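**Student:** Would you mind keeping the following structure in view while I ask a few things?
Rule-based calculations on the coordinates, nothing more; no lab input. What you are looking at is a predicted structure, and each value in this text was computed from that prediction instead of being measured. With ideal geometry, Cβ positions are generated from the backbone for all residues, glycine too; neighbour counts draw on all protein chains shown.
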Amino acid sequence: MRHGTNGPTEPPLTGPLYSRLMDLGAMNDLQSIDTAIEQATHARTRLPEIVEHDAVVAEREALDVHIQRVRRAQQSAQNELDRLERESAEIDAHRSRLEKQLKTIISPREAEALQHEMQVLAANRNELDDRGIELLEGSSAADDEIVGLESRAERTRASEASLAERRRMAEERADSELGSLENRRRDAAAALDPTDLAVYERLRKALGGIAVCRIEHGACTGCRMEISIAELDSIKRQSAEVAVECPNCTRLLVR
Ligand SMILES: [Zn+2]
């Protein structure tokens, strides 16, 4: 890679790159439009209105997921409550059967066994009641949480709607700007000699979108490498229509 050297070993440019003259100015005009199209296409995908809208959509989706999660937890608490109620009813029925049985029992040993069984049932019943209270409290806290989440989701949905509209308008504007650049591109390409256009398209494809660039402060604006004084002299001696390439990146140089 040659870089800004002008020593005696530096070979001079061997002359014009292409045997024909080229309208490098017109090629450079086309290059400017293509670069503007690339920038506008890139900007089109990251308009601030898109970023803002995407963010609020993500926020609303997260709220919806959160609400569903709380609702599911509430539903499973409700299912457990239903089960507790059935179990409590069974325990109550069992206890009243035992109470009736106790009245008919004469043997103190059997009576004691029955009383013990009733105590165990009562303890189980208390446990179920405690768990039931815990579940009811949880469910009421979940109700409050859902109300808060719903109102946030509603506010988010409202701003989502207005941001969607702003996004649509910004996208429309960007598309129309791109459309007019495409029109200018068509005209600029049509104005070029077909052979120049073919050279331009081939270089552009091979060189990351930049086929033509300028020399500024002794350096190529395509690759930023300095061009040696000997090479600059040689380039200056050529007429403006003679195609000269950057010794480093091989892009066509406009001067
Ligand atoms: Zn270069």
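**Student:** Residues with amide H under 5 Å of residue 219's amide H, sequence separation 5 or more or different chain, H placed in the peptide plane at 1.01 Å from N; which?
**Tutor:** 227
**Student:** Right, here's the next one. Pull out the extension gain between residue 38 and residue 233, defined as 0.36 nm times the separation in residues minus the alpha carbon to alpha carbon distance; nm, one decimal.
**Tutor:** On the way: separation 195, 0.36 × 195 = 70.20 nm, distance 3.34 nm.
This chain segment gains 66.9 nm when fully extended.
**Student:** Treating each Cα of the chain as an identical point scatterer and ignoring solvent, apply the Debye formula and state log10 I(q)/I(0) at q = 0.10 Å⁻¹.
**Tutor:** For the chain at q = 0.10 Å⁻¹, log10 I(q)/I(0) is -0.76.
**Student:** Using a Gaussian network model of the chain with C-alpha springs under 10 Å, which one of 159, 76, 176 is most mobile by mean-square fluctuation?
**Tutor:** It is 76.
**Student:** Given 0.36 nm per residue, what is the gain on full extension from residue 97 to residue 191 after removing their alpha carbon distance, in nm?
**Tutor:** On the way: separation 94, 0.36 × 94 = 33.84 nm, distance 10.37 nm.
Between residue 97 and residue 191, full extension yields 23.5 nm more.
**Student:** Kindly identify the range 45-177 as rounded, prolate or oblate by the Cα gyration tensor criterion: order the square roots of the eigenvalues as a ≥ b ≥ c, call it rounded if a/c is under 1.5, otherwise compare a/b with b/c, prolate if a/b is larger, else oblate. Numbers along the way, then the final one.
**Tutor:** Working: a/c = 7.08, a/b = 6.77, b/c = 1.05.
Cα axes put the range 45-177 in the prolate bin.
**Student:** Using Cα positions and a limit of under 12 Å, work out the aspartates and glutamates in reach of residue 100, with same-chain residues fewer than 8 apart set aside.
**Tutor:** Reachable aspartates and glutamates: none.
**Student:** With springs only between Cα atoms under 10 Å, which of 173, 152, 97 fluctuates most in a Gaussian network model of the chain?
**Tutor:** Comparing 173, 152, 97 in a Gaussian network model of the chain, the most mobile one is 97.
**Student:** If the elastic network links every pair of Cα atoms under 10 Å, which of 84, 178, 24 fluctuates the most in the Gaussian network model of the chain?
**Tutor:** Looking only at 84, 178, 24, the biggest GNM fluctuation is shown by 84.
**Student:** Let me ask you something else. What's the exposure ranking of 104, 221, going from fewest to most Cβ atoms within 10 Å?
**Tutor:** Numbers: 104 6, 221 16.
The most exposed by this proxy come first: 104, 221.
**Student:** Now a separate question. What FRET efficiency comes out for the pair residue 45/residue 241, r = Cβ-Cβ distance, R0 = 30 Å, nearest 0.05?
**Tutor:** Values: r = 38 Å, r/R0 = 1.28.
In this case the efficiency is close to 0.20.
**Student:** Can you tell which of 73, 116, 48 lies farthest toward the positive end of the dipole of the range 45-177, using +1 and -1 charges on the Cβ of basic and acidic side chains (Lys, Arg; Asp, Glu)?
**Tutor:** Checked the options; the winner is 116.
**Student:** At 0.36 nm per residue, and after removing the present C-alpha to C-alpha distance, how many nm does the segment from residue 110 to residue 214 gain when stretched out fully?
**Tutor:** Length gained, residue 110 through residue 214: 26.5 nm.
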